[in-house]
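Only the coordinates and a few stated rules stand behind these numbers; no lab work does. Values in this document were obtained by computation on a predicted structure and should not be read as measured data. Here the Cβ positions follow ideal geometry from the backbone for every residue, glycine too, while neighbour counts run over all protein chains shown.
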Amino acid sequence: MMMRLAAIVSIGAVIGTAGAVAEIFRSDSGSDTSLMSGRLIALGGSVTQAQPPCAQCHGLDGRGHGPFPSLAGQGSWYLYKTLRDYASGRRQSSVMQPYARQLSDTETQAVARYYASLPPPPAVEKVGHADKRQEGGAISAAGLPGVGVPACATCHGPRGQGMPPIYPSLAGQPAAYLANQLHAWKRGERGGDPLNVMREISRAMSDAQIEAVASYFASTSLRSEAAALQSQNTERPVGSRAANPEIQDAPRPPYLTREPAKGAAEPSAPR
Amino acid sequence: MVIRLPEVDVVAVGGGLTAAILGKVLGDAGRTVVALERGPMRDTVPDFQSPSMHDELKYSIRHSLMQDVATQTLTFRNFVGQRALPMRQLGSFLPGDGVGGAMVHWNGQTWRFQPEWFRLASWVRERYGDGFLAKDVTIQDWGLTYEELEPHYDFFERVCGIGGLAGNVGGSVRPGGNPFEGPRSSPYPNPPMKESHSGALFRAGAEELGFHPFPVPSGNSTTHYTNPYGLTLNPCMYCGFCETYGCEHFAKASPQTVLIPAALKTGRYTIRTRAYVRRIEHDPVAKIATGVTYVDARGQEVFQPASLVALCAFAHHNPILLLKSGIGEPYDPATQKGVVGRNYTYQTMSSVNVFYDGTKRINPFMGAGALGTAVDDFNNGSFDHGPHGFVGGAYIAAYQTTGRPIAHHPVPSGTPRWGLAWKRAVAQHYNSTVSLTVHGSSTPHPGNYIGLDNSYRDAFGDPLGMITFDFPYNDRLMSNFVTGKAQNIGRAMGGRDMSVSWLDSHYAIGPYQTTHNTGGAIMGTDPTTSVVNRYLQSWDLHNLFVFGASAFPQNAGYNPTGTVGALAYWAADAIVKRYLPSPGALVPT
């Protein structure tokens, strides 16, 4: 958990600056070339094939809208696997399949890595009625034990932050996208889930419950999670840093740096 | 002033697996069953929820789901004459506490015992002759056969949704399964777990030596499964938090997931929590149990009368309760007479670590409690003991249960125990080491038994139970023999280095080994050498039944839960079909 949060903070903190790219690749053992080629595919179409770029639907910032999911800050392995699933037909989409098929394996890795490196969407708006979000939050935290639905948080993490490499982040995904996916599972039209976990879960949920969890996760953000952690680590009063979703300029938490944190005791000499 | 409650049909001491089975079976038969659980209520929601459940310090190190030894514990010594001391911290074994008992925090390894095991004394005599074993190997027949128990093994596996590959269905051996298992009436209800990388390396090494690897039968569900009671399990996510944890995914078979909801639905099963049973009340003249006395959550003493008393507590707790209640003749190691506390046995564990030194990526954190590949070529019924002079055996398995940071840091022998060199070794070997478990049987010895220790008292002022135990010579021979075989497999697996943890010369109660305490209220054919008959019915009081692993006359080279469950169904079936229509001794003396 801490490692995951640390990664989010580090991505959030450094992206958009010249040092960002190098930082990510040091931690991801990739290469500068693959990130740049991923960016080229995302924003300008495939390197080898002329095709519309991902950004056309998923947005220049990769944050999606309506039926188009946010890719920004999503786990890179999950993005890679999803594209391979589209290419192989394990996951059905007449829109995505042609794109996924045209990408080579290296290009798929590159574009997945690029989107994983982007800052996740902020919690910009509260979706749906507060009661709905409350219900969705309860399902996220405790599931529906009477019908065998485990808590979303058991796999997708508290507030839907995801547990890479396997479990995607749900935080800040468009509500329409989330609801569509659950309905597709319910109808048996959604693949890419070898143990059919999500199929069984969605079948046990009512349409109203699906709407509730979709509203809830659309209203959460990886960024506020990261910001909350940031405020804890810098011991700022709650409300100053935590209320501010813009954390790009935030200092890195002490455990990410090799220098001792401010005020930390000097290492004592052996006695 | 003792509160006296209205009489119920059945009172069960304990709120775990066997009580839930009894609650369901007897509830269906129209009887009221009250289970008295010393711990709190626990359920998947809210108690086992992530991320708080994945707290290694809280659950594995501080044992939050286990017995509180500050309230009640045992004393321990290795041999008669040594001064027994109280167990002030849990270590070697971890009895559960709270509803669901130890089956909440188990791993899910669900084995059947080989058929030979149930008539071990006769089998050894027939096969190896009268003088084969020393007199102090006090093995016994169980009084029931594998064939009688098989339908109940089968049903228990279906209740738990066990995933595995059958090796012997109706006498015909099937490829990929365990060829040394007893004949099964049907295959496992679920397919086996996915094989881990460590399992695949073990499989290759074992096959090279001509052994017969197979996937360990798993209580971590592999599919969306609906059991015969209509209760569902979700597939396991391989999160690596089984042993000492509850499962947040509804994926591990536990009383909460596969039994209790069905038992409660009968409308006749009640679980009373925070009820600490002090003794069984009985009428020595009428030779019946009259009920139990317990202390409730407010500290009030309560008498619960019942027409039938079932001891469903953890294995060593059952004989201790009998001793405290003055039921049955206590075992005396000096004369070797008496029965209660006799044949206390355990499990004989050793292990081999194969170090690949960075050349393999094992990813130990992608694990599950029963994720493993095993060979059964050296269990009791699989090979000829003739040249070796011991009885028993062990399975050898490569389990990939967890990569949790506090528990999992295998390093080669000779590594410093702390400091920079240790840290470097942990970093080097954490993700590149396979551990082989040798899960050995435990034969009884006249010096190993359960008694009472009046030098120490529990929170209620009662004497503590006392365990006297050390590894018998027979089991040391067995362990060294099978550990040697595991060492050969380890070599064939092609690691760069290997370390072997041979059986320690003496049993120690400190380091964790297994929670497989068995015996003490054993079943058998003769009232002078057993506490209960083949139906787990007390020889002394016909309306007293003693469930659980305390009934094993000796412990096999397998995990006990499968046999505990099957025995409970066998006995519950006898209670409904034979005892209730005409209460009395089911086996004449």
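Using DSSP to define loop residues, name the GluC sites (Glu not before Pro) in region B:248-305 whose beta-carbon has at most 12 other beta-carbon atoms within 10 Å. Those that pass, being in a loop and sparsely packed, number zero.
Could you give the C-alpha radius of gyration of the protein assembly as shown expressed as a fraction of 2.2 N^0.38 Å, taking N as the number of residues it contains?
Values: Rg = 29.4 Å, N = 860, 2.2 N^0.38 = 28.7 Å.
My calculation over the Cα atoms of the protein assembly as shown gives 1.02.
Kirkwood-type hydrodynamic radius, region B:133-270: 17.1 Å, calculated from all non-identical alpha-carbon pairs.
Exactly which trypsin sites (Lys or Arg not before Pro) in region B:428-537 are in a DSSP loop and have at most 15 other Cβ atoms within 10 Å? Could the numbers behind the result be given before it?
On the way: sites: B:Arg457, B:Arg476, B:Lys485, B:Arg491, B:Arg496, B:Arg534; in loops: B:Arg496, B:Arg534.
Of the trypsin sites (Lys or Arg not before Pro), the ones in loops of region B:428-537 whose Cβ has at most 15 other Cβ atoms within 10 Å are B:Arg496.
In plain terms, the residue of B:Glu7, A:Glu211 with the fewest other Cβ atoms within 10 Å comes first and the most crowded comes last, giving B:Glu7, A:Glu211. Helix B:419-429 versus the longest principal axis of chain B: what angle, 0 to 90°, nearest 10, using Cα atoms? The helix B:419-429 is inclined about 80 degrees to chain B.
Helix B:561-574 and the longest principal axis of the C-alpha atoms of chain B enclose an angle of approximately 30°. Put in line by how crowded their Cβ is, counting other Cβ atoms within 10 Å and starting with the fewest, B:Trp539, B:Trp106, B:Trp422 read B:Trp422, B:Trp539, B:Trp106.
The ratio of the alpha-carbon radius of gyration of region B:355-472 to the globular-protein estimate 2.2 N^0.38 Å is 1.52. Entry note, chain B: the mean residue ellipticity at 222 nm calculated from DSSP H runs of n ≥ 4, each adding -39500 (n - 2.57), is -6000 deg cm²/dmol after division by the residues and rounding to the nearest 500.
So if we plug the beta-carbon distance of B:Phe132 and B:Val587 into 1/(1 + (r/R0)^6) with R0 = 41 Å, what FRET efficiency do we get, rounded to 0.05? Mind showing how you got there, number by number?
Working: r = 29 Å, r/R0 = 0.70.
The calculated FRET efficiency here is 0.90.
If only the Cβ of Lys and Arg carry +1 and only the Cβ of Asp and Glu carry -1, the dipole of region A:130-222 around its Cα centre is close to 80 debye. Considering only DSSP beta bridges with both partners in the protein assembly as shown, what is the antiparallel share in %, to the nearest 5? Counting only bridges with both partners in the protein assembly as shown, antiparallel ones make up about 70 percent. Relative to the longest principal axis of the Cα atoms of chain B, helix B:473-492 runs at roughly 30 degrees. Computed from the Cβ-Cβ distance with R0 of 41 Å, the FRET efficiency linking B:Glu207 to A:Ala204 stands at 0.45.
Can you work out the FRET efficiency for the pair B:Val576 and B:Asp526, with r the C-beta to C-beta distance and R0 = 30 Å, to the nearest 0.05?
Details: r = 26 Å, r/R0 = 0.87.
In this case the efficiency is close to 0.70.
Listed by Cβ neighbour count within 10 Å, with the fewest neighbours leading, B:Asp458, A:Asp105 appear as A:Asp105, B:Asp458. Note on B:Arg457 and B:Ala29: the model spin-label points, each 7 Å out from Cα along the C-beta direction, lie 4.0 nm apart. With both residues required to sit in chain B, DSSP beta bridges show an antiparallel share near 65%.
Our compactness index for chain B, the C-alpha radius of gyration over the empirical 2.2 N^0.38 Å, is 0.91.
Mind pulling the per residue volume of the convex hull built on the Cα atoms of region B:271-357? Å³ is fine. It would help to have the intermediate numbers written out before the result.
Details: hull volume 16.4 nm³, N = 87.
Considering the Cα atoms of region B:271-357, their hull volume per residue is 188 Å³.
Listed peptides B:235-243, B:260-268, B:394-402 appear in the order B:394-402, B:235-243, B:260-268 once ranked by packing, highest mean of other Cβ atoms within 10 Å at the front. If I model a spin label at A:Asp193 and B:Lys287 as a point 7 Å from the Cα along the Cα→Cβ vector, what separation in nanometres do I get? Reported label-point gap for A:Asp193 and B:Lys287 is 6.1 nm.
Taking region B:229-309, how much of its Cα-Cα pair set, in percent, is spaced more than 15 angstrom apart?
Details: 2276 of 3240 pairs.
Roughly 70 percent, once rounded to a whole number.
Shown here for region B:1-102: trypsin sites (Lys or Arg not before Pro) in loop regions (DSSP other than H, G, I, E, B) with at most 16 other Cβ atoms within 10 Å, namely B:Arg62, B:Arg83, B:Arg88. For region A:130-222, the gyration tensor built on C-alpha atoms gives a rounded shape. Its axis ratio a/c (a ≥ b ≥ c) stays under 1.5.
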